[in-house]
1. Collect the residues in region 119-140 that are over 14 Å from the mean Cα position of the chain (by Cα) and open to solvent by less than 30 Å² (accessible area, probe 1.4 Å), keeping them in residue-number order.
2. Only residues that are in a strand (DSSP E or B) and either crowded, with 17+ Cβ neighbours inside 10 Å or out of contact with any strand residue (DSSP E or B) (no Cβ under 9 Å at 6 or more places or on another chain) (or both): list them for region 21-37, please.
3. Looking only at residues in region 68-116 that are farther than 19 Å from Ile17 by Cβ and of a type in the set (Ser, Thr, Tyr), which one is nearest to the ligand (Cβ to nearest atom)?
4. Among the residues of region 49-57, are any closer than 22 Å to Val21 by Cβ, part of a loop (DSSP other than H, G, I, E, B), open to solvent by 30 Å² or more (accessible area, probe 1.4 Å) and not polar (S, T, N, Q)?
5. Among the candidates Thr108, Thr129, Thr100, single out the residue that is free of Cβ contacts under 8 Å to residues at least 12 places away in the same chain and among the β-branched types (Val, Ile, Thr).
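The values are calculated or read from the model by the stated rules, or taken from the named source; none is laboratory data. Bear in mind the structure is a predicted one, so any value in this text is a computation, not a measurement. With ideal geometry, Cβ positions are generated from the backbone for all residues, glycine too; neighbour counts draw on all protein chains shown. Accessible surface areas use protein heavy atoms only, side chains included; no ligands, DNA or RNA. Shrake-Rupley method; radii C 1.70, N 1.55, O 1.52, S 1.80 Å.
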Amino acid sequence: MKELHISTKKRCELVDITRQVQDIVAESKIKEGICHIYCPHTTAAISINENSDENIETDLMNFLNHLVPHGKWLHDSVDGNGDAHIKANILGSDKSMPITDGKLLLGTWQSINFCEFDGPRDGRKVIVTILRALQSSRAY
Ligand code: ZN
């Protein structure tokens, strides 16, 4: 299990963490298994999405802002981030994926993103846990 530390610069943004997660997988020397990526925050999430077009981030944020506008939620009276909690819940706090041949099994256009909904913040964390497969999938 390893921890990534992320700083965000905007209230809402995606941070591509694919390279850092892949480095942890490589360090583990595990060839076949599962990589679990978990965000221990209630106003951020983990997503997998296309990595080649910046408009994907804009479209996703526009969609979420349309669905969950800022500043109209009961929780806003506590700390003004009711929308961030809802957006984080919609996308979810974790993802997992297979490891094959020592690499994340990601599609050509897939990347792993830390999704900030209440930034900018220092000290955001992502917990990466790697589980070794008991038996190689090649046996089947
Ligand atoms: Zn809050």
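1. Residue satisfying the conditions is Gly119 alone.
2. The answer is Gly33, Cys35, Ile37.
3. If we take residues in region 68-116 being farther than 19 Å from Ile17 by Cβ and of a type in the set (Ser, Thr, Tyr), then Ser77 is nearest to the ligand (Cβ to nearest atom).
4. Yes, region 49-57 contains at least one residue that is closer than 22 Å to Val21 by Cβ, part of a loop (DSSP other than H, G, I, E, B), open to solvent by 30 Å² or more (accessible area, probe 1.4 Å) and not polar (S, T, N, Q).
5. Only one candidate qualifies: Thr108.
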